[in-house]
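To start, the structure itself, in structure tokens.
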Amino acid sequence: TAIIHIINYIDDDTKISELYNILGDLYWISGKVKSAIAYQEKTIYLAKQALDSLINQKETKQSFYYYRMLEVDSLLSIGLYKIDLWELSESAQLFQQVIKLAQNTPHQPWAEKATVCLSLVNSYLKQYPSAYLLADECYHNITAAANIEKTGRFAYFIQILGQTYINLKDFDKSEEMFLMALKFAESSHYTQVKAKSLGGLAEIYRINQYFDLALNHHLEAIELLDKIGAKCDLAEAYYQLSLTYQGMANYSESQVNRDKAIRLFQEIEAPKQVEKIKYKFSALGCGSSSINS
């Protein structure tokens, strides 16, 4: 609300582009994904314009760093948004673009984040050898003793790596990553990461049939996500909860939470997510949801 109130009164493109970048993430978390993408595209447009104007000018090192940072950060953000829309191929292309722009440059941290994200997308696309290779590269970077102190800044991406290892069925590494992310999230009051890490741990408990533990973690994650209005993550959390109830043979609660997930994904305008959920439960022999798409 504050940004929208002031942005039309700002003439400085540097400040405007950064505000668009922030707005993009805020709209994404609240489930307005198309608006989020539009704001990040505005950031990229302004950053590229600025970068073009810096060519052949002296003493532009700091400006170049800043605008390139905005560009790769916005490309990375759109890649994350595309995962929530389940537009995985487009997401992978965006992460590859970030890696190409940032690798072996002063923007290397963005290449590392994009590599974590690409490993997740590859695991969803069942490109397991590639996913495992990238995931292990990220795992060794994160757990290296010299890096432990600075990994708190990567808490969001540590829990993404945890999710990747679930998909790769390496539950020990997955749990290690979620617990690490949870520790950083609690010390920095990063509610979204705390909730997503709890949800990831709940998946591991479900897979191992510790259903009571899984339910407790699911419900705590949902409460946190609901509190901050994180609609995309909340939709996924309800979907995971429905799978846990399904595993417990509590089909009525599974249906209730499946429908909540579908309703939220419909509000987000993520038809491929709705399709994914219906396909999953159809494969489980549960029939289609009572929510019409």
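Quick one: how many residues across region 4-21 are in a helix (DSSP H, G or I), open to solvent by less than 70 Å² (accessible area, probe 1.4 Å) and of a type in the set (Val, Ile, Thr)?
3
For region 212-238, which residues satisfy the criterion of being among the hydrophobic types (A, V, I, L, M, F, W, C) and open to solvent by 70 Å² or more (accessible area, probe 1.4 Å)?
Those that are among the hydrophobic types (A, V, I, L, M, F, W, C) and open to solvent by 70 Å² or more (accessible area, probe 1.4 Å): 213, 219, 228.
Consider region 241-253. How many of its residues are free of Cβ contacts under 8 Å to residues at least 40 places away in the same chain, in a helix (DSSP H, G or I) and more than 19 Å from residue 225 (Cα to Cα)?
4
Please list, ordered by first then second residue, the pairs with beta carbon atoms under 6 Å, 6 or more apart or interchain, first in region 211-224 and closer than 17 Å to residue 254 by Cβ, second open to solvent by 30 Å² or more (accessible area, probe 1.4 Å) and at pLDDT 95 or above.
Once the first residue is closer than 17 Å to residue 254 by Cβ and sits in region 211-224, its partners that are open to solvent by 30 Å² or more (accessible area, probe 1.4 Å) and at pLDDT 95 or above give 211/248; 214/205; 214/206.
Give the number of residues within region 259-277 that are open to solvent by 10 Å² or more (accessible area, probe 1.4 Å) and either touching a strand residue (DSSP E or B) at 6+ places or on another chain (Cβ under 6 Å) or not aliphatic (A, V, I, L, M) (or both).
Going through region 259-277 one residue at a time, the tally reaches 10.
Of the numbered conditions (1) open to solvent by 50 Å² or more (accessible area, probe 1.4 Å); (2) over 26 Å from residue 190 (Cα atoms); (3) at pLDDT below 95, residue 141 fails exactly one; give the number of that condition.
So residue 141 meets the others, but not (2).
Does region 70-85 contain at least one residue that is of a type outside the set (Asp, Glu) and open to solvent by 40 Å² or more (accessible area, probe 1.4 Å)?
no
Looking at region 191-198, is at least one residue aliphatic (A, V, I, L, M), in contact (Cβ under 8 Å) with a residue 24 or more places away in the chain, within 25 Å of residue 27 (Cβ to Cβ) and out of contact with any Phe, Trp or Tyr (no Cβ under 9 Å at 6 or more places or on another chain)? Explain how you work it out, then say what you get.
Filtering region 191-198 down to residues aliphatic (A, V, I, L, M) leaves 193, 195, 198.
Filter again for in contact (Cβ under 8 Å) with a residue 24 or more places away in the chain, leaving 193, 195, 198.
Still in the list and also within 25 Å of residue 27 (Cβ to Cβ): 193, 195, 198.
Now drop any that are not out of contact with any Phe, Trp or Tyr (no Cβ under 9 Å at 6 or more places or on another chain), which leaves 195.
Yes, some residue in region 191-198 is aliphatic (A, V, I, L, M), in contact (Cβ under 8 Å) with a residue 24 or more places away in the chain, within 25 Å of residue 27 (Cβ to Cβ) and out of contact with any Phe, Trp or Tyr (no Cβ under 9 Å at 6 or more places or on another chain).
Go through region 100-123 and give me each residue that's crowded, with 22+ Cβ neighbours inside 10 Å and either of a type in the set (A, V, I, L, M) or touching a Lys or Arg at 6+ places or on another chain (Cβ under 7 Å) (or both).
Passing the criteria: 102, 114, 116, 118, 120, 121.
The values are calculated or read from the model by the stated rules, or taken from the named source; none is laboratory data. On a predicted model such as this, the values are computed, not experimentally measured, just so you know. A quick note on method: Cβ atoms are made from the backbone with ideal geometry, for glycine too, and the neighbour counts reach across all protein chains shown. The area values use the complete protein model at the heavy-atom level, side chains included, leaving out ligands, DNA and RNA. Shrake-Rupley method; radii C 1.70, N 1.55, O 1.52, S 1.80 Å.
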